[in-house]
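Enquirer: Pasting a structure below so you can have a look.
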Amino acid sequence: MASSPIEVRPLGSPTERGLHFQFANQAFSSDPSPDNALYWQQVFTTRPDYRPEQLRGAFLEGEQLGSYLIQERMLRMGEARLPTGCIGSVVTYPAHRNRGVASALMRDAMNYAFAHRHALLLLDGIPKFYHRYGYSDMFDQSVQDIDRAAVLAQPPSTHTVRTATQDDAESVLALYDRHCGPYTGSFTRTVEQQTHRLQHRLPDNPLWVATSPEGHLEGYLFLQSGAERLDARELAADNWPSALALLQHHAQLLDGPTVPATLRYRLPLTSPVLQWMIDHLEAVDTSHWKHPADEWVVRSQTYHHRDAGWMARLVHLPTLVQALLPEWQARWRHSLSHWSGDVLLLVGGEPCMLRIEGTELRLISPSTSAADAIQLTPQTFTQIVFGYQPVPRAVQQKRQSL
């Protein structure tokens, strides 16, 4: 007798939800434990925007085989806000591997995103795996290594550092919006969401904030938890004194003979904070330098590895294009171009037409009679949207002209 097909549905009971966090914690945590699993379950299920349907599991004849979670977030790209489904903790339980569970979960994520009118799906996970489900690279991470001795050699900052409280939520959110909001890939946050983030910080790894002598909150630092606290996940600062105070505090948190010589930050390459570090930090000892041009106090690196990092998948072309329109309009006006005409995009065979009239850009009903038609796969179009692949290269690969 043939087995029943795998069904994917919301996790409906505390036992089902507990199984997800138990196995996800075992698969993805560097220090798995029942307490750790319970903590992450509490964090996820108490989010202001949480809905039970966002925890989903695969079942066969009533037995839970695997599960994943999906968060619905608004991704920023200049003037555009892209409704995005963020997939996380995709896990097939060990006894049920190689039975098509992951494929069932990925199909469900697509169906869920389409039903909820998401423009994109976004994830970061197993290398050389998700491309088979239509995902393509859209972001390569840049990190900065900072010479810890150079930070400690600076005169003490005029600013002070303390742990953040829930009362700081509005100020921290304002800093996040000022310093992260302009960059493609940041997400919108509400005060309620920021308060929740502060409420659920682990006691041994709080959010640190820098305040001016007048008591104004002018910077914050978010560190990776556990032994990896040399890695800063977010740093936002309004000026060099606040940035320096946070750098010095970070350097002083790590002590002992095994402390690495460098701190690691994740900043956009055009971040003002990164430029301040370059402008102010000086090497303490250059006696070991062989060639000064090859040495550093601040070192930036970008990691490239195909099908192995942040990846996105187009869900619904009309939703994505409509959401992108404000940013496309802003970029077109900024370019000072005055070309007029219609451009037909065929993305995976689905048409989308833009009409350009002077400085104005709008969507119109598609017509196959357009003089300029560009055919792109959904994967290539997604990479163009995020600037991961330049338009001329994508067009040339298809032997098209624009």
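The values are calculated or read from the model by the stated rules, or taken from the named source; none is laboratory data. As the structure is a computational prediction, the values presented were derived from the model and not from experiment. Note that each Cβ is placed from the backbone with ideal geometry, even for glycine, and that neighbours are counted across all protein chains shown. When the accessible area is computed, the model is the full protein with side chains, heavy atoms only, and any ligands, DNA or RNA have been set aside. Shrake-Rupley method; radii C 1.70, N 1.55, O 1.52, S 1.80 Å.
Enquirer: Of the heavy-atom accessible surface of the stretch 268-402 (probe 1.4 angstrom), what whole percent is carbon and sulfur? Mind dumping the intermediate values first?
Expert: Numbers: 4280 of 8180 Å².
The nonpolar share, carbon plus sulfur, comes to 52 percent.
Enquirer: Give the peptides 86-97, 33-44 in descending order of average Cβ contacts within 10 Å, highest first. Let's see the in-between values first.
Expert: Numbers: 86-97: 18.0, 33-44: 15.0.
Ranked from most to least packed, the peptides come out as 86-97, 33-44.
Enquirer: Name the residues of the stretch 217-255 whose amide N is less than 19 Å from a point 7 angstrom out from the Cα of residue 278 along the C-beta direction?
Expert: Residues 235-241, 243-244 fall inside that zone.
Enquirer: If you don't mind, there's one more thing I want to ask. Between the stretch 1-75 and the stretch 199-271, how many Å separate their Cα centres?
Expert: 32
Enquirer: If you count the DSSP beta bridges with both ends in the chain, what percent of them are antiparallel, to the nearest 5? Walk me through the numbers on the way to the answer.
Expert: Working: 64 of 74 bridges.
Here the antiparallel bridges make up roughly 85 percent for the chain.
Enquirer: Mind checking the full-extension length gain between residue 255 and residue 216? Use 0.36 nm per residue of separation minus the Cα-Cα distance, one decimal, nm. Please report the intermediate quantities before stating the final value.
Expert: Numbers: separation 39, 0.36 × 39 = 14.04 nm, distance 2.88 nm.
Taking residue 255 through residue 216 to full extension adds about 11.2 nm, to one decimal.
Enquirer: Find, to one decimal place in angstroms, the Kirkwood hydrodynamic radius of the stretch 27-178, where the mean of 1/r is taken over every pair of different Cα atoms and then inverted. Provide the component values of the computation, followed by the final result.
Expert: Working: mean 1/r = 0.0522 Å⁻¹.
About 19.2 Å, per the Kirkwood formula over Cα pairs.
Enquirer: Roughly how many Å² is the accessible area per residue of the chain, as a whole number, for a 1.4 Å probe? Walk me through the numbers before you get to the answer.
Expert: Details: 20590 Å² over 402 residues.
On a per-residue basis, the chain sits at 51 Å².
Enquirer: Sticking to Cα atoms, compute the Rg of the chain to one decimal and its Dmax as the biggest Cα-Cα distance, whole number, in Å.
Expert: Over the chain's Cα set, Rg and Dmax evaluate to 23.9, 76 Å.
Enquirer: Which of 390, 83, 268 ends up with the largest GNM mean-square fluctuation for the chain, with Cα atoms connected below 10 Å?
Expert: 390
Enquirer: Further question: How far is the Cα center of the stretch 90-159 from the Cα center of the stretch 288-304, in Å?
Expert: Measuring centre to centre over Cα atoms gives 28 Å.
Enquirer: Just the C-alpha atoms of the stretch 127-184: what Rg/Rh do they give, with Rh taken as the Kirkwood radius? Walk me through the numbers on the way to the answer.
Expert: On the way: Rg = 18.8 Å, Rh = 16.3 Å.
Radius of gyration over Kirkwood radius for the stretch 127-184 works out to 1.15.
Enquirer: Using a Gaussian network for the chain with springs between C-alpha atoms less than 10 Å apart, which of these wobbles most: 13, 242, 171?
Expert: Between 13, 242, 171, it is 13 that shows the largest mean-square fluctuation.
Enquirer: State the answer as a single residue: which of 256, 119, 292 lies farthest towards the positive end of the charge dipole of the chain, with beta carbon charges of +1 for Lys and Arg and -1 for Asp and Glu, about the Cα centre.
Expert: Highest projection toward the positive end goes to 119.
Enquirer: Per the Kirkwood formula on distinct C-alpha pairs, the Rh of the stretch 1-65 is how many angstrom? Before the final figure, lay out each step's value.
Expert: Numbers: mean 1/r = 0.0778 Å⁻¹.
Across the stretch 1-65, the inverse of the average 1/r is 12.8 Å.
Enquirer: Between 184, 380, 286, find the one with the highest GNM mean-square fluctuation for the chain; connect C-alpha pairs within less than 10 Å.
Expert: 286
Enquirer: Where does each of 203-213, 243-253, 135-145 land if you order them by average Cβ count within 10 Å, highest first? Intermediate values should be presented prior to the final figure.
Expert: On the way: 203-213: 16.5, 243-253: 22.0, 135-145: 18.7.
Output ranking for 203-213, 243-253, 135-145: 243-253, 135-145, 203-213.
Enquirer: Over all Cα pairs of the stretch 1-112, how is the pair count split among 5 Å bins, expressed in % and running from 0 up to the last occupied bin?
Expert: 2, 12, 21, 22, 18, 12, 7, 4, 1, 0, 0, 0
Enquirer: Something else now. Given the protein chains as shown and a 1.4 Å probe, how many square angstrom of residue 106 are accessible, to the nearest 10?
Expert: 10
Enquirer: So how long is each side of the stretch 125-257 along the principal axes, counting just the alpha-carbon atoms, biggest first, in Å?
Expert: 53, 39, 28
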